[in-house]
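Reading through the structure tokens given below for one structure.
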Amino acid sequence: MNNRQDQEKQAIIAITNVRTLSTKIVERYCRIYDKNLRCFRRKTQSYHPYVHVLFSSMISATNFLNTRPHFIENCRINASLLNDTRDGPNFVFVQIGQFTSITEDDLYEYTSKHFGLILNCILYRSRGYAFVEFAQLNDANRAIRSSNHQINGYPIEYYPRNHSRKILPALSLDRLVHIGNYHQQDQDKLSTYFPTLQTFTIHQNCYGQMYILGVFDINDSIKLLLKRAFCLNGRVLNIFIESDDHFNECDNYLLVRNVASRLTDYNLLEYFSQFGQILNCYRYGQTNAYRIQYRDRQSLKQVLQSNRIHVIKSVQIQIERE
């Protein structure tokens, strides 16, 4: 009995980079490899989402790992066995510098093109480094021996995994702030709307949705968070500190389902603000669901106790706690 339980524990795979993917979408994809698996959505202490996939056998879990990298709805995911320490010889430490425009996909595409097949590519943007897991040890060694690399005009360096502690960057007094639901026509108003914004870069997620990463002084970034929610040109700008754990604040999220296309994020903000102060409101990937983040747990509790079905502009929507 104990042996069987140990095998089941070993057959758990942790999947990250699932911010825009629902648990059902991840589960449907993984069932290609094992029809009897189960998926559980989790969050780190800093509320970074990930999915645990419990495979029915170690054989199917190994088959899933052996076919990496995986792409779900055009989004690349990172997958590894639970409690993988990421310190094997196939792991490479990559120093990219803070506040660059290099994305995880940029690093993945560049490294795989120049050195070979990559299984995982995990970027810690605010700290200025990443970990890359190669399929072949020779490819990892070639990357480490190489030099003079640039992505988007920014230099990067590959180092052995065990050298990472010697060269990790010191904590900066600046903070990288994610401003989502951004449109190109907003650029002329950014300096007026965010006068303390030092520099910024424009990015696009796998669904084509634009956002910017802006550098603020640490004190200015705190003031910015306290002033939420922000509305610009009739849209809600979703603002949070960009870190390796993505969300590092309260977990008071409301999931709103069946949102018709004629309803905007501003309509939802206006309606659900009657229950308390809202920090962020944004669409869940390309689904008809929205995530609403309240400042305090009492506001979330109040809206959940009021009714699970609400009507906005004659549109019936459903709510639940995420």
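The values are calculated or read from the model by the stated rules, or taken from the named source; none is laboratory data. Note that the structure is a prediction, hence the values are computed from the model and not measured. So basically every Cβ, Gly included, is an ideal-geometry build from the backbone, and we count neighbours across all protein chains shown. With ligands, DNA and RNA removed, areas are computed over all heavy atoms of the protein, side chains included. Shrake-Rupley method; radii C 1.70, N 1.55, O 1.52, S 1.80 Å.
Annotations
- Residues that are aromatic (Phe, Trp, Tyr) and closer than 30 Å to Ile218 by Cβ within region 109-133 comprise Tyr124, Tyr129, Phe131, listed in sequence order.
- Any hit, region 286-296, residues being within 17 Å of the chain's Cα centre (by Cα), within 28 Å of Gln185 (Cα to Cα) and basic (Lys, Arg): yes
- The set of residues in region 128-144 that are crowded, with 17+ Cβ neighbours inside 10 Å and not aliphatic (A, V, I, L, M) comprises Gly128, Tyr129, Phe131, Glu133, Phe134, Asp139, Asn141.
- Considering only residues in region 302-322 that are open to solvent by 70 Å² or more (accessible area, probe 1.4 Å) and β-branched (Val, Ile, Thr), the one that is farthest from Leu255 (Cα to Cα) turns out to be Val311.
- For region 87-105, residues that are outside any loop (DSSP other than H, G, I, E, B) and more than 15 Å from the chain's Cα centre (by Cα) total 5.
- Here Ser299 fits the description: open to solvent by less than 30 Å² (accessible area, probe 1.4 Å), in contact (Cβ under 8 Å) with a residue 24 or more places away in the chain, more than 24 Å from the chain's Cα centre (by Cα) and farther than 25 Å from Thr16 by Cβ.
- Test: residue in region 1-14 that is modelled with pLDDT under 90, part of a loop (DSSP other than H, G, I, E, B) and buried (at least 16 other Cβ atoms within 10 Å of the Cβ): yes
- Complete set of residues in region 267-278 that are over 15 Å from Val315 (Cα atoms) and open to solvent by 30 Å² or more (accessible area, probe 1.4 Å): Ser273, Gln274, Gln277
- Segments classed as helices (runs of 4 or more DSSP H), wholly inside region 218-322, with at least 2 members that are touching a strand residue (DSSP E or B) at 6+ places or on another chain (Cβ under 6 Å) and closer than 25 Å to Leu123 by Cα: 218-226
- For region 198-234, the set of residues classified as free of Cβ contacts under 8 Å to residues at least 40 places away in the same chain, crowded, with 18+ Cβ neighbours inside 10 Å and hydrophobic (A, V, I, L, M, F, W, C) consists of Phe200, Ile212, listed by residue number.
- Region 172-197 - residue that is in contact (Cβ under 8 Å) with a residue 24 or more places away in the chain, open to solvent by 50 Å² or more (accessible area, probe 1.4 Å) and not aromatic (Phe, Trp, Tyr) and, of those, nearest to Gly128 (Cα to Cα): Arg175
- Restricting Ile156, Ile122, Ile144, Ile77 to those that are assigned to a strand (DSSP E or B) and out of contact with any His (no Cβ under 8 Å at 6 or more places or on another chain) reduces the list to Ile122.
- Check on Tyr110, open to solvent by 30 Å² or more (accessible area, probe 1.4 Å), part of a strand (DSSP E or B) and of a type outside the set (Lys, Arg): no
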